[in-house]
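Chemist: Pasting a structure here, questions to come.
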Amino acid sequence: MKKPLIFLLVFCIQFVNSQELALVKKDSKIGYISKDGNFKIEPQYKSAKSFSEGLAAVENGGKWGFIDTKGSWVIPATFTDAKEFNSGIAIVKNDKEWVYINTKGEIQKAPTSEKLYDFDNGVAFIKQNNKIGLINSKMEVVLEPKYDVIKPFENGFARVGSNKKWGIINTSGKELIEPAYDEIGNYFKNTSWARKDKTFGIVSAGSFIPVDGAEKIWDFDTQDLTFAKKNGKIGFIDLKGNWIITPIYDKAKAFSKNLAPVCVGSKWGYINPKAEFVIEPTYSDAEVFSTNGLAPVKEKNWGFINESGKLIIPTQYGITANGIIAMFIQQDKGFIGGVARVKNEGKWGFLKPDGTVLSNQWFENAELFSKTEKTQTTEIAAEKPKTEAKPATKTVTKKKK
């Protein structure tokens, strides 16, 4: 009799740990729904934030604390402000000072820093004498401040700048590509694109390989091809810098499911890696395919097609860019984690792949579903193009005493 009980216990733990909740606003109150469309926590909060690592910051009586997925208070509402947990650490405002706390609500003593930075991928930036370094969630320095800039980590890698030159590091602070380039892209399968003076190329195994005629290269995403510009037109190159698809398109987006949106004139369609149109250019806009095989396409409004180009969900919705979610494959718009956040007649809801609305409910606001269990840091390379130029985002300046 013991073995079946053990099996059942393990199954339940896995189910609880894998649940996802979405913040929604109904009748001017905030609550949380699960993927079955039912309220896990009834709308009752005036202000609240999405779940992260099993906890959500909510406001009560003008103070902020954290609840668990049952709605029980885990960290009392004693802070004047609070941000989301990441890597087991959150930034909160304790009276007039911003500090780090752990999931027990205990204040963590961090190394001296001119600003507090959010944790991500198990590390956070520290700034000393205008130089940026790294600390881990144990509040240990893993990289002494030495760079002028560290961009936010994504999937274990970050771009770093020193003396106006750019390179790549991992979460241990190890330089994977030394800062020697005027511009650099994301780190994907031990490779990155870069620019030296006016020449764009690929950096692999420590070598810079110029890409013939490239005027701009975008980041690699989930496949071994990325789009690049030559003579004002867009084509696709591989990880070795070879032109695989001739640059003849006016615009393009990343490959996913072996299909890439491309624009000819003012119309979007989809090509395969052989540059064959699988879906003819008939739409006014188009996004990449999600892992479930559906992609957003726009006529006057947005709908969704399958990989053969069949319109599965009518073009009658607004769609939204994603919030801050740490997933291996993350689409800006469309289906994320099996549902798509859409807007219809001023209300927000979630579409299922069959086109039905989750629990047939529409809300005043709805955030993307977020996993409630803790996530582990892994070094896998996939990111979307970024154009940010500042050292680091999501910072909090510490007030001088």
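Chemist: Evaluate the following for residue 43: is it buried (at least 17 other Cβ atoms within 10 Å of the Cβ) and either at pLDDT 95 or above or at negative phi (or both)?
Modeler: Spelling it out, residue 43 is indeed buried (at least 17 other Cβ atoms within 10 Å of the Cβ) and either at pLDDT 95 or above or at negative phi (or both).
Chemist: Spot the failing condition for residue 153; the list is (1) under 26 Å from the mean Cα position of the chain (by Cα); (2) at pLDDT 95 or above; (3) not β-branched (Val, Ile, Thr), and only one is missed.
Modeler: Of the numbered conditions (1) under 26 Å from the mean Cα position of the chain (by Cα); (2) at pLDDT 95 or above; (3) not β-branched (Val, Ile, Thr), the odd one out for residue 153 is (2).
Chemist: Run residue 251 past the list (1) in contact with a Cys (Cβ under 6 Å, 6 or more places away or on another chain); (2) more than 28 Å from residue 187 (Cα to Cα) and report the number of the one that doesn't hold.
Modeler: Residue 251 satisfies every listed condition except (2).
Chemist: Go through segment 270-280 and count every residue that is under 13 Å from residue 308 (Cβ atoms) and surrounded by 15 or more Cβ atoms within 10 Å (Cβ to Cβ).
Modeler: Final tally of qualifying residues: 4.
Chemist: Considering only segment 131-144, I want to know if a residue exists there that is closer than 16 Å to residue 240 by Cβ and surrounded by fewer than 23 Cβ atoms within 10 Å (Cβ to Cβ).
Modeler: No, the conditions are met nowhere in segment 131-144.
Chemist: If you don't mind, another one. Criterion first (within 18 Å of residue 67 (Cβ to Cβ) and either touching a residue at least 12 places away in the same chain (Cβ under 8 Å) or buried (at least 22 other Cβ atoms within 10 Å of the Cβ) (or both)) does residue 84 satisfy it?
Modeler: Yes.
Chemist: Something else: Looking for whichever is surrounded by fewer than 19 Cβ atoms within 10 Å (Cβ to Cβ) and aliphatic (A, V, I, L, M) here; the options are 99, 92. Which one fits?
Modeler: 99
Chemist: For segment 221-263, which positions are modelled with pLDDT under 95 and either assigned to a strand (DSSP E or B) or not polar (S, T, N, Q) (or both)?
Modeler: 221
Chemist: Among the residues that make up segment 181-193, is at least one of them aromatic (Phe, Trp, Tyr), touching a Phe, Trp or Tyr at 6+ places or on another chain (Cβ under 9 Å) and touching a residue at least 40 places away in the same chain (Cβ under 8 Å)?
Modeler: Looking for residues that are aromatic (Phe, Trp, Tyr), touching a Phe, Trp or Tyr at 6+ places or on another chain (Cβ under 9 Å) and touching a residue at least 40 places away in the same chain (Cβ under 8 Å), one finds at least one in segment 181-193, hence yes.
Chemist: Do we find a residue being part of a strand (DSSP E or B), in contact with a Gly (Cβ under 7 Å, 6 or more places away or on another chain), among the charged types (D, E, K, R) and closer than 28 Å to residue 203 by Cβ anywhere in segment 264-285?
Modeler: No: zero hits.
Chemist: Another question, if that's okay. Please find, among 288, 297, the residue that is part of a loop (DSSP other than H, G, I, E, B), β-branched (Val, Ile, Thr) and in contact (Cβ under 8 Å) with a residue 12 or more places away in the chain.
Modeler: On the way: 297 fails: part of a loop (DSSP other than H, G, I, E, B).
The match here is 288.
Chemist: From the list 168, 150, which residue is touching a residue at least 60 places away in the same chain (Cβ under 8 Å) and of a type in the set (Val, Ile, Thr)?
Modeler: Exactly one residue qualifies, and that residue is 150.
Chemist: I'd like the residue in segment 204-220 that is under 17 Å from residue 246 (Cα atoms) and part of a strand (DSSP E or B) and, out of all such residues, is nearest to the chain's Cα centre (by Cα).
Modeler: 217
The values are calculated or read from the model by the stated rules, or taken from the named source; none is laboratory data. As the structure is a prediction and not an experimental result, all values here were calculated from the model. Virtual Cβ from ideal backbone geometry, glycine too; neighbours counted across all protein chains shown.
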